[in-house]
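Below is one structure, written out as structure tokens; the observations come after it.
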């Protein structure tokens, strides 16, 4: 599979959504616009941020990541803007913050939706004028930094809930890039899986194992709630267990195999329910007579009876009626009981009469 758009900063994928994403990166990256990256957990928002930095004029300087969720609320401001000695309990010396470390480059703020109100106010001031104060200091400092933010939550909803500043949202979102979830990327799943297997093989030496047809089917069918991160973990595990041979379904994690089995089971159940509804409709239309219903369905009478038996239904000596949920209908019943036309229970026959 060949991609229309050139590879950028480790972004792997050729599906239409990824092609669109790469074009957006090439368009917005060379600017100094504040870009907000939205996507599910594990979908690769950090790679998109790095790609935006690498195609920008700031590529020769640092991209400094900060994960808001990993820093406590009371320490986020000093982490971003720095602090002087004695500014708060535990501030034993003066330190620069992430903003100063990103001078001339890019500051990538992940999980920006989790910012405290105080940190939001400080970031807004910086975005408006490029100025900030270290905690415990009165003098203003300036920095030339581009800000890229990311989150997996709906910031507009948080604005409505009063948990995020609307003016800050406007400043962070000159442009928005949405990262597609892995379940919507089609055959990119296999491209990524083979890439991760090659990475593991390079670390150990030797060639990467191949994916069996069964594994390919499982990977393509999986909904990937953990996205690319989950797939990467799966391939690391599979590479170790396969030991250079072909990756088999047994090499995948039990959780992934069970999820695939449940999905397949759900599909089988849905098909059985659908078939039961079609059979019931045909019997209804033909007064419960097997031969006529079978002719309408284009199958033999014996095949129709076999389908009904597999579904757990039995018939009286004369096949005049059939079960129609939720009520019991005279003649046919499920689980070995039938009812008379008057509704009284009676024993069921083992098979329908020969003639219909």
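A short reminder: the numbers here are calculations on the coordinates, not readings from a lab. Note that the structure is a prediction, hence the values are computed from the model and not measured. In this analysis, Cβ positions are derived from the backbone assuming ideal geometry, glycine residues included, and neighbour counts consider all displayed protein chains.
Overview of values
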{"read-out": "Principal semi-axes in Å for the range 16-180 [√(5λ), Cα gyration tensor, largest first]", "value": "27, 18, 13"}
{"read-out": "Full-extension gain in nm, residue 204 to residue 284, via 0.36 nm per residue minus C-alpha separation", "value": "22.3 nm"}
{"read-out": "Sites residue 26 and residue 144 - FRET efficiency at Förster radius 30 Å, r taken between beta-carbons, to 0.05", "value": "0.85"}
{"read-out": "Length released on extending from residue 309 to residue 125, taking residue separation times 0.36 nm less the Cα-Cα span", "value": "58.9 nm"}
{"read-out": "Exposure proxy ranking, count of Cβ atoms within 10 Å, fewest first, for 151, 176", "value": "176, 151"}
{"read-out": "Exposure proxy order (Cβ contacts within 10 Å, fewest to most) of 36, 195", "value": "195, 36"}
{"read-out": "Net lengthening on full extension, residue 62/residue 160 (0.36 nm per residue, minus Cα-Cα)", "value": "31.8 nm"}
{"read-out": "Pair residue 194, residue 257: separation of 7 Å Cα→Cβ label points (nm)", "value": "2.5 nm"}
{"read-out": "For 153, 99, 189, order by how many other beta-carbon atoms lie within 10 Å, fewest first", "value": "153, 189, 99"}
{"read-out": "Mean-position separation - Cα centroids, the range 218-247 and the range 81-135, in angstrom", "value": "39 Å"}
